[in-house]
Amino acid sequence: MKITIILPYADAVRNYRIWAHEEEKIDFRHEKERACRCTVSFAAEELESYLKRMGFDTVVSDNPKEWFSIFLTIEKDTDGDAFSYRVSSGSITIDGSGRVGVLYGVYQFLEKQGVYWLNPWEEYVPSHAETLIMPEENEYRASFPHDRGYSFDGELKESEFIWKWMARKKLNTAPRRPWKPKLQQKLGIAFVQGGHVFEEILDPDYVIPGGKTLFEAHEDWFGLPADGVRRHERAQSVGFCVSNMEALEYVSERLVEKLSAEWHEADALAIWGFDTWGGVCSCEKCRKIGSGSDHTLALNSYIRDYFDRAYNEGRLDRHVTISFSMYEGTSDIRPPLNPVPKNLRNTRDSGTYCPINRCYAHAIDDESCGYNSDYFRWLSGWKDVSIRVNEYYNVSKFEDLPYLFTRTMPRDFRRYASLGVSGMVYMHLPMLHWDVKNLTQVLYAELCWNVNADVEKILSDYFRHRYGVYADRMRQVYGWLEEAGKYCVSWRAWNSESILSRLKGWDGRKSEKPLHDERHLKDTAADEGMKSVELYAKSAETIKEILDEEEAYYARSFGGIHDAGSVDSAMDPLRAESGLVAGRLHLDLNYVNYGKDCMELMTQFVIYYDALRNGEDADGIFSRIDELAQKMMGYYIPLRYGNPEIEIYCDDALTRCQLKELYYRCRAYREK
C-alpha cells in the first residue's frame, strides 16, 4: 500500500524534516505560525517513520498523489489538543484544534494500527501490515482538558524519551526542564513551576538592603501562632499574614521577578503555602478572613490582580495562570467558609487538590473508608473554582515498592471527572526502572485522556505486550501484588498515624503504650503484614518459575537451536527480540523481592514491639529482624534524586525503606 502524508505547507516535500526539528530557533509563545509548522511537521515525520516500519511505502508532500492520502490539518492556530478524523474511500483527514491536536491525532491513529508504546524506552511496531485500519469518525478530546501530567522533583529529572512518551500518551503538563525545554514545548507540554515557593521568598534569615534580616525588619509579615507570640525559630510554623498588604505586595513582586527570570517560560505557577501543617495566622485581621482556605483564596486573588496589572504594565510578557493549594499541610483542603473571589471563580486558574493521606484499599468515594470519606466530602464541597487533583501513586514513602492501583484508579478518575475536575497530576514519575509500576503509568495516562476508556482492553494490551506468552500468568501475579500492597497508606503514609511513622518515632525500648491505632489495621497489623509477605513470596516464586522458562528459551537462541523465525517466535512476536521479556522479568523480580523484604521488616518490628510490651521472649523475633536488616544492607535500590541540590544517590535497601535508624536503636537498647 502506498501512502502520501499531506502537510498544509508549501514546499513541505523538501523542508518538512527541517521544520520538524527547528524548535531551538522558535519562540513558542510569540511565533505561533512557526510553532504550528514545527509540531505538525514533526507529527508527519513520526507518522511516516512508523508507517514505513510497518511496511507501507510512505512519503510526505504538500500535494496529493494517486495514492492513499493522510491529510494533517489544523482547525485554527491555537494551543488546543482535541482532534477529529474524517474518512473517505481514498483518504483520512486528521484535523487538530491546534498543533498539538494534530500530533495527538497522529499518535492515536498509529495506536489503531497496532503500534504500542509500553514505556519511554520500549515499543512494539507491527511489521508486514497490508492495509490501514480506519478509526471511528469522531471528535476526540480529553476528559481532563487542562492538566494531565506529573510533578517532578530534582533538576536531574531530564529525559527526551519521557517527553516523547508523554506526548504519545497525550499528557501535557510537567515542570520546565533546563536541558530540553524547546522539545517539551514542541510536544505540547505546558510548564508548571513553583510549588512551596514561600519558604524561599519569606526566608526569615534573608538579608535585605540595610543589613537586617527579613524577620528583623518585618516580623509582622510572619503568621501569629495560636499562642500569640512570634518567634524567629518558628517564623514558618504557620502561614504568613495574608491580611498584611505590605507582605502581599512583597511576595507578589518577588513572584513577578521570578517569572521574568528563572521561571521566564512558565505557563502556570503553583503557589502553595508553607508545608508545615501548622495552621494560619491568628491575628485579628486574619481571623476575620475566615478559614485556611479563605486565607489561600484571598492571597491568590491578590496575586491574580497583581499579575494582571504587571502584564498590562508590560512587566510580565504573558498571562500566567495560577494553581493554588488545597492541601492539609497548608491548612486549605476544606471548602472555604466564604464565597470564592470573583477573579478566581470558574477561570483557568485552579486549585490543586492534594489528598496525600488517602487510602488506596478503597475508592476515593467509598463512604466506609475513614480516610477517603473526608477527602471526598471536602472535594465535593469546593464550588466555583477549577480543580486539578494531585494523586500520590509514587510519593517518596512508596518509591521502589511494587504497589499497584488498578482496582481504584478507574473509579476514582470517573468520580473526579463527574465533579468537574479539569486536571490530573501525580507525584512523582519514576525516571528509570518502572518494573511492575509500568502499569500505573500506562493506566494513568489512558484514564487522563478518557475516564471511560475500556480498562479491560488496556490491561490485556499491557500484559500481552510486556509479557507475551506469559501474559495470563503475570496478570495473576500482579493481582497478588496489588492485594499485598492495598494497605500501603496504612503502613507507609506521611501521616503520623501510619505504622511507618510510628516505627520511625519509636526509640526501640519497651513501651506500655500500643504502637499504633491505625484505623484500618488496628490490632490485625501483624497478621495482615504476614499475609502480604506471603503474597509477595508467592509472586516472586511464580516470576522465578516464568523467568526460568524464558531464560531457557533465550539461552537456546545462542546455540542456534531456534531463531527469530521459529514457531515460538511466530506465535509471540516479542520472542523475536532476544532477551526482552527475560530482562523485564528480572527487573520485576528484583522489586518484588525488595517489596517482600520491606514488608516483612515492618511487620517483624510490629511483632517485636508487641513482644517487648507484653513481656514475651523477643530474641527470636529480633534475630529475624537482624537477618533481614543485614540482607537489605547488602543490596541497593537504583537511584534517588536530590532536590533542590543537583545530585543522585544510591541507597542500600535498608536505608531506602527508612528503617535503618530504628534497627540500630533497637540494637543499642538490646546491647546495654
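Side notes on the structure shown:
- Any chance D332 is among the charged types (D, E, K, R), closer than 15 Å to D384 by Cα and surrounded by 19 or more Cβ atoms within 10 Å (Cβ to Cβ): no
- Test: residue in region 377-390 that is more than 30 Å from D308 (Cβ to Cβ) and either among the acidic types (D, E) or touching a Cys at 6+ places or on another chain (Cβ under 9 Å) (or both): no
- Output for region 632-671, where each listed residue is in contact (Cβ under 8 Å) with a residue 60 or more places away in the chain and β-branched (V, I, T): I637, I646, I648
- Restricting L224, L202, L183, L187 to residues that are in contact with a Cys (Cβ under 6 Å, 6 or more places away or on another chain) and not small (G, A, S) narrows the list to L224.
A quick yes/no check of all residues on (1) surrounded by fewer than 22 Cβ atoms within 10 Å (Cβ to Cβ); (2) under 36 Å from the mean Cα position of the chain (by Cα); (3) more than 23 Å from I133 (Cα to Cα); (4) modelled with pLDDT of 95 or more:
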position	(1), (2), (3), (4)
Y9	yes, no, yes, yes
A12	no, no, yes, yes
E23	yes, yes, yes, yes
D27	yes, yes, yes, yes
R37	no, yes, yes, yes
E46	yes, yes, no, yes
V59	yes, no, no, yes
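- Of the set (1) in contact (Cβ under 8 Å) with a residue 60 or more places away in the chain; (2) more than 22 Å from W480 (Cα to Cα), all apply to Y403 but (2).
- Of all residues making up region 209-239, the number that are touching a helix residue (DSSP H, G or I) at 6+ places or on another chain (Cβ under 6 Å) and within 23 Å of A310 (Cβ to Cβ): 1
- R556 meets all of the listed conditions (1) part of a helix (DSSP H, G or I); (2) of a type outside the set (A, V, I, L, M); (3) out of contact with any His (no Cβ under 7 Å at 6 or more places or on another chain); (4) surrounded by fewer than 18 Cβ atoms within 10 Å (Cβ to Cβ) but one, namely (3).
- Any hit, region 223-242, residues being acidic (D, E) and outside the structural domain of R388 (by TED's automatic domain parsing): yes
- Top-ranked residue of region 646-672 - restricted to ones that are modelled with pLDDT of 95 or more and among the hydroxyl-bearing types (S, T, Y), ranked as surrounded by the fewest Cβ atoms within 10 Å (Cβ to Cβ): Y664
- From the options V256, V229, residue that is under 33 Å from the mean Cα position of the chain (by Cα), modelled with pLDDT of 95 or more and hydrophobic (A, V, I, L, M, F, W, C): V256
- Pick from region 375-404, criterion part of a loop (DSSP other than H, G, I, E, B) and acidic (D, E), ranking: surrounded by the fewest Cβ atoms within 10 Å (Cβ to Cβ): D384
- Residue list for region 601-642, restricted to those being modelled with pLDDT under 95 and either farther than 30 Å from D153 by Cα or β-branched (V, I, T) (or both): I637
The values are calculated or read from the model by the stated rules, or taken from the named source; none is laboratory data. This is a predicted model, so every value here is computed, not measured. Glycine also receives a Cβ, built like all others from the backbone with ideal geometry; neighbour counts cover every protein chain displayed.
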